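The values are calculated or read from the model by the stated rules, or taken from the named source; none is laboratory data. None of these values were measured; they are calculated from a predicted model. Glycine gets a Cβ as well: all are built from the backbone with ideal geometry, and neighbour counts include every protein chain shown. Accessible surface is based on the protein model in full, side chains and every heavy atom, while ligands, DNA and RNA are left aside. Shrake-Rupley method; radii C 1.70, N 1.55, O 1.52, S 1.80 Å.
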Amino acid sequence: MKITVFSAQSYDRQFLNEANQAEPRPYDVELIYQQATLSLQTAALAQGSEAICVFVNDRLDAPVLEALARLGVRGILLRCAGFNNVDIDTAASLGLFVARVPAYSPEAVAEHTIALIMTLNRHTHRAYNRVREGNFMLDGLLGMTMRGKTVGIVGTGKIGRATARILRGFGCDVLGCDPLPSPEFKRLGDMVDLQPLLEQSDIVTLHCPLVEDNRHMINADSLLLMKAGAMLINTSRGGLIDTNAAISALKTRHLGALGIDVYEQESALFFHDRSSDIIDDDVFQRLMTFPNVLVTGHQGFFTTEAMREISAVTFQNLHCLAEGVPCANAVVGS
Ligand code: NAI
């Protein structure tokens, strides 16, 4: 069975090859790695493959899915949890099987969230450069003690809860908002609506999936509801924040700090080496000018443990496709 792997980086090869060699090997799987991101222009690379394996910035809209179906592709294996990049209705109408990796070390993303919070809070990104240049002044590096601060968690699913558990260890008070409150979260903090969460939190961190209803849930109005000087963190999906509104709130100093591992227009930048290019995304470049903004390139998931889990579950999903057996991770198809 041939599988075309889009957006393949060296680490994808390493971990997928490892999973492909794991015993038992009920059938021969040939992985064809393509560095290209999936789009209408690159879909033809899947010629001859029964399934494709894709990541967060691969595009699976109706024209791409139709092109893939015409090539004979039957299955789409997502190496991620979120599936906001897939046109689910079209996939279903074409009879495609789509499966995801629902959880791969939620702690990995939660720990990265904490890394963003603590870097912005204690300015370690600035201290690192300053000390290397022989400047040992402390001005501009003042932080806050985390103990007793209120952190609002938007989305109290697996990652939100893992983040809450760590924050409780710091001595923070935790608020959560979620249309489907989890009993486990209630032991960690109080469930409230989004508005009081924004009003009361010193730090707001986003852990809900991106769907059409919550695109730009953090916009000019919701930013105004936040405490003056509060910190906003997003390790979920870029589209949850209206980036221009966040820039305006940073310029007025109302937003105290912004830490993002995801960005609305990330597909043109993230997972590519653009260091020799002129980056013509002016919004992104404006973000880069703020000392109180920290951007990482969608690396929240990136630990050895999570990569092993992603690869192993991708092969389990492939097994369901090959055998036609029910798949707990299916988003479309059984
Ligand atoms: P999950 O499905 O366990 O939890 C998501 C929670 O968000 C659910 O409880 C759901 O009810 C809630 N929710 C949905 N809409 C909401 C809204 N409008 N307001 C508040 N809550 C809402 O998902 P998990 O595993 O915790 O992942 C969360 C998100 O993290 C994923 O959707 C994905 O976008 C992102 N992610 C980011 C990674 C990274 O590397 N930065 C890696 C993995 C996931």
Restricting the search to the range 52-105, which residues are β-branched (V, I, T), within 16 Å of the ligand (Cβ to nearest atom) and over 21 Å from E323 (Cα atoms)? V56, V86, I88
Filter result for the condition that a residue is open to solvent by 30 Å² or more (accessible area, probe 1.4 Å) and within 18 Å of N329 (Cβ to Cβ), over R74, R13, R59: R74
Looking only at the range 182-193, decide whether some residue is within 26 Å of V293 (Cβ to Cβ) and in contact (Cβ under 8 Å) with a residue 24 or more places away in the chain. no
From the list D178, D202, D190, which one is touching a strand residue (DSSP E or B) at 6+ places or on another chain (Cβ under 6 Å), surrounded by fewer than 20 Cβ atoms within 10 Å (Cβ to Cβ) and modelled with pLDDT of 95 or more? D190
Please list, ordered by first then second residue, the pairs with beta carbon atoms under 6 Å, 6 or more apart or interchain, first in the range 37-54 and in the same structural domain as L68 (by TED's automatic domain parsing) and among the small types (G, A, S), second open to solvent by 70 Å² or more (accessible area, probe 1.4 Å) and in a loop (DSSP other than H, G, I, E, B). S39/R59
Would you mind stating whether G82 is farther than 26 Å from M307 by Cβ, of a type in the set (G, A, S) and not in a helix (DSSP H, G or I)? no
Which count do you get for residues in the range 85-120 that are out of contact with any strand residue (DSSP E or B) (no Cβ under 7 Å at 6 or more places or on another chain) and assigned to a helix (DSSP H, G or I)? 13
Output yes when any residue across the range 25-36 is in contact (Cβ under 8 Å) with a residue 24 or more places away in the chain and in contact with a His (Cβ under 8 Å, 6 or more places away or on another chain), and no when none is. yes
Take the conditions modelled with pLDDT of 95 or more, small (G, A, S), open to solvent by 10 Å² or more (accessible area, probe 1.4 Å) and within 27 Å of V86 (Cα to Cα) and apply them to S236. Does it pass? yes
Step by step: first the residues of the range 175-207, then only those that are of a type in the set (D, E, K, R) and not in a strand (DSSP E or B), then the one that is farthest from R165 (Cα to Cα). Which residue is that? E199
Looking at (1) open to solvent by less than 10 Å² (accessible area, probe 1.4 Å); (2) within 17 Å of the chain's Cα centre (by Cα), which is the only condition A230 fails? (2)
What are the residues in the range 276-330 that are assigned by TED's automatic domain parsing to the domain that holds E30, open to solvent by 40 Å² or more (accessible area, probe 1.4 Å) and of a type in the set (A, V, I, L, M), if any? A312, V325, A328
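Of the residues T163, T150, which single one is polar (S, T, N, Q) and either within 16 Å of the ligand (Cβ to nearest atom) or more than 14 Å from M231 (Cα to Cα) (or both)?
Selected residue: T163, the only one of T163, T150 that is polar (S, T, N, Q) and either within 16 Å of the ligand (Cβ to nearest atom) or more than 14 Å from M231 (Cα to Cα) (or both).
For the range 235-326, which helices (runs of 4 or more DSSP H) that fit wholly inside it have 2 or more residues that are on the phi < 0 side of the Ramachandran plot, more than 15 Å from the chain's Cα centre (by Cα) and within 16 Å of the ligand (Cβ to nearest atom)? So that I can check it myself, show each step before the final result.
Numbers: elements: 243-251, 282-287, 304-323.
Here the list reads 304-323.
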Name the pairs: first residue in the range 9-23 and under 18 Å from D58 (Cβ atoms), second residue open to solvent by less than 100 Å² (accessible area, probe 1.4 Å), Cβ to Cβ under 6 Å, at least 6 apart or on different chains? R13/Y33; F15/M307; F15/S311; L16/L31; L16/S311
So which residues in the range 124-169 are open to solvent by 50 Å² or more (accessible area, probe 1.4 Å), among the hydrophobic types (A, V, I, L, M, F, W, C) and more than 19 Å from H207 (Cα to Cα), if there are any at all? V131, F136, M137, L138, L142, M144
Which is modelled with pLDDT of 95 or more, β-branched (V, I, T), within 9 Å of the ligand (Cβ to nearest atom) and assigned to a loop (DSSP other than H, G, I, E, B), of T145, T156? T156
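Can you go through Y27, Y33 and tell me which one is in contact with an Asp or Glu (Cβ under 8 Å, 6 or more places away or on another chain) and either surrounded by fewer than 19 Cβ atoms within 10 Å (Cβ to Cβ) or more than 20 Å from R308 (Cα to Cα) (or both)?
None of the other options fit; the residue is Y33.
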Filter the range 206-220 down to the residues that are touching an Asp or Glu at 6+ places or on another chain (Cβ under 6 Å) and closer than 17 Å to A230 by Cα and list them by number. N219
